Structures are given as structure tokens and as C-alpha cells.
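Below is one structure; the comments refer to it alone.
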Amino acid sequence: MLSRKSKHTLLKIISMFSVVRGYNIPVIALAQYLSAIFILAPEKRALDVLLDFNLFVIVIVSGLTIASGYIINNFYDSKKDLINRPNKSQLDRLVSQKTKLQVYFTVNFIVFLLAFLVSLRAVLFFSVYIFLIWFYSHKLKKIVVIGNLTASFLAVLPFFAILLYYKNLYPQIFAHATFLYLLILIREMIKDLENLKGDIANDYQTVPVLFGEAFSKKIITLLTISTVIPIYFLIEIFEVGYMDIYFYLSMIVLIFFLQKLWKSNSKPDYLKLHNILKFLVVSGVFCIVLINPSVLIHGKKIVETIVR
């Protein structure tokens with residue numbers, strides 16, 4: 001049996017795990033490695049990518065930066081979360097605000113030290129990343145549209161760290177990034193509908209707060225239809241191997257998503273829509289393995305020939 005002190009310590013560890021959303025970070029790390037193997041460095045052996053020390057450090061630093069971002073975001077959103085996520089908020093509050101800030105600065109210091117092992121450019125990149133996350137949590141999050149655009153950009157930024165490391169500019173990469181960005185932006189808009197009560201109470205200037213739920217749904221519909229553009233390029237223009245199956249299925253899921261969207265009018269409904277988008281993003285990570293690396297290398301050679 002655990003002692004009372006041990007139970008309290010265990011609860012605090014669970015609370016901090018909840019604050020940093022520790023369940024998300026391994027998925028992002030996996031996505032970075034799969035992107036490196038199948039998209040960003042397809043000409044290299046998978047084992048060479050996995051044993052690359054600098055890449056390992058970049059993935060670890062990315063995870064720590066994201067964790068610190070969740071901490072500072074939780075710090076600023078504590079009042080709003082009491083309304084929107086009361087159960088999670090009660091768990092998160094087992095760790096004091098002071099402790100959260102101490103962990104936040106400690107994690108960021110570790111990020112700086114580890115980034116130096118890679119290069120000064122890595123230090124600069126992650127310094128800017130940390131600043132942008134703080135600025136978003138402190139200021140931008142409450143600004144209509146800007147908050148959504150920034151949150152979505154920050155979510156895809158870890159993949160740009162890998163892109164800068166390999167310096168490979170396959171045209172497919174930008175189509176993939178656009179599709180991912182749109183999915184995350186739609187998810188952010190859904191979260192605004194989901195968190196409407198807390199946003200109103202804490203003066204967050206979101207689209208549904210200022211213009212109403214119907215207008216917000218129209219914007220989400222437009223963004224969802226816009227995903228057809230990167231999907232078209234990925235399926236018809238660029239070769240992505242068997243991953244085109246994922247994009248075909250994504251279109252079917254997004255059609256169902258839109259039908260569900262216009263029938264939704266409560267927080268549980270919006271939470272289901274949120275989970276649909278989360279499923280698309282996570283399944284997209286695992287479907288990266290369906291890409292044929294030789295196709296990407298061939299595409300790069302074509303682009304290089306055109307440029308010359």
C-alpha cells in the first residue's frame with residue numbers, strides 16, 4: 001500500500017502529465033521520425049535516420065518545447081478551463097501555478113542546452129518557437145482569427161525543425177503541410193465552439209463569440225472544402241504511393257464531418273467533431289508509412305531538372 005505522501009506525490013505527477021498532455025508528445029515524436037524517414041530524407045536508410053544523434057536531439061527538444069508550451073498555456077487558461085474542462089482543471093490544479101512556472105522555465109533552460117548540441121541555428125529556431133508560444137498564450141490567443149491562425153502554425157512548426165535540418169524542399173512537403181495546417185485550423189475553430197461559455201466569461205475574442213455559431217460554421221465549412229486543393233495535388237499531381245488511400249478516406253470523413261457540423265448545437269456534439277479531426281491527424285501520422293520513398297526521390301529529381 002502506498003503511504004499518504006506517496007499517493008500525493010503520484011497525484012501531482014499525474015497532474016503534471018495532464019498539464020503537459022504527455023499523451024500527445026509521443027505521437028508528435030513518432031510523426032517527426034516517420035516524416036524524416038518517408039518524406040524528408042527518403043534517400044537515406046531508415047536505420048541511419050533512427051541512429052542520427054542530431055535528429056534525436058531535435059525530436060527531444062521539440063517534445064520539451066511543446067510540453068513547456070502546454071504548461072504556459074495552462075497557466076494563462078486556468079480560469080477558462082474551470083468552465084470548459086472542470087474535471088481536467090481540478091486535476092491540473094493539484095500542481096500550483098508557482099510550480100508550473102518553475103517547471104516551465106526549467107524545461108526551457110534544458111531546451112537551450114540541448115539545442116546547442118545541434119547548432120546555433122537550432123538554438124535560434126527553438127528560442128523563437130518558445131517566444132511565439134508564450135506570446136500566443138499571453139496575447140494572441142484572445143484575438144479573433146489571429147489566435148486560430150497562430151495556434152495552427154505553432155502546431156506544425158516542429159516539422160519545420162526537421163525540414164530545416166535536412167534542407168529538402170520536395171513539393172509534396174508543402175502540400176502535406178497545407179493539408180495538415182487546414183485540419184488543425186478547423187480543429188481550432190471547432191474548439192472555439194466547444195469552449196464558447198468559457199471564452200465569453202473570460203473575454204476571449206473568438207469568431208463564435210463575436211459573430212455567432214452559424215457564421216463560425218460557415219467559416220469551418222469553407223476551410224473544410226479548401227482541403228480538397230492540397231488533396232488534389234497530393235493524389236493527382238504528386239505521387240504519394242499508397243497514402244492516396246488515406247486522402248480518399250479523409251475526403252469521405254470530412255463530408256461526414258460537415259453533415260455532423262450543421263446538426264451540432266451543444267458542447268458534446270462539438271467534442272465529437274473535435275475527436276473526428278484528431279483521428280484524421282493521428283491516422284495521417286501512421287499512414288505516412290504508405291508513402292513509397294522512391295517516388296519522392298524521383299519527384300525531387302524532376303524539380304531539380306526544371307530549376308536547372
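The values are calculated or read from the model by the stated rules, or taken from the named source; none is laboratory data. Keep in mind that this is a model prediction, so the values were computed, not measured. All Cβ positions, even for glycine, are placed from backbone atoms using ideal geometry, and neighbour counts span all protein chains on display.
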Looking at the structure I just gave you, is L193 crowded, with 21+ Cβ neighbours inside 10 Å, among the hydrophobic types (A, V, I, L, M, F, W, C) and either in a helix (DSSP H, G or I) or not assigned by TED's automatic domain parsing to the domain that holds L273 (or both)? yes
For L210, are the conditions met, namely being within 28 Å of L290 (Cα to Cα), surrounded by fewer than 19 Cβ atoms within 10 Å (Cβ to Cβ) and outside the structural domain of N54 (by TED's automatic domain parsing)? no
So which helices (runs of 4 or more DSSP H) stay within the stretch 55-171 end to end and still have 2 or more residues that are of a type in the set (K, R)? 78-84, 97-116
Of everything in the stretch 80-109 that's buried (at least 17 other Cβ atoms within 10 Å of the Cβ) and among the polar types (S, T, N, Q), which residue is nearest to T65 (Cα to Cα)? N108
For residues in the stretch 16-61 being surrounded by fewer than 20 Cβ atoms within 10 Å (Cβ to Cβ) and either in contact with a Pro (Cβ under 7 Å, 6 or more places away or on another chain) or among the charged types (D, E, K, R) (or both), which is nearest to V118 (Cα to Cα)? D52
Can you find a residue in the stretch 18-26 that is of a type in the set (S, T, N, Q) and within 30 Å of L120 (Cα to Cα)? yes
Does the stretch 32-43 contain any residue that is among the charged types (D, E, K, R), under 21 Å from H176 (Cβ atoms) and in the same structural domain as S127 (by TED's automatic domain parsing)? yes
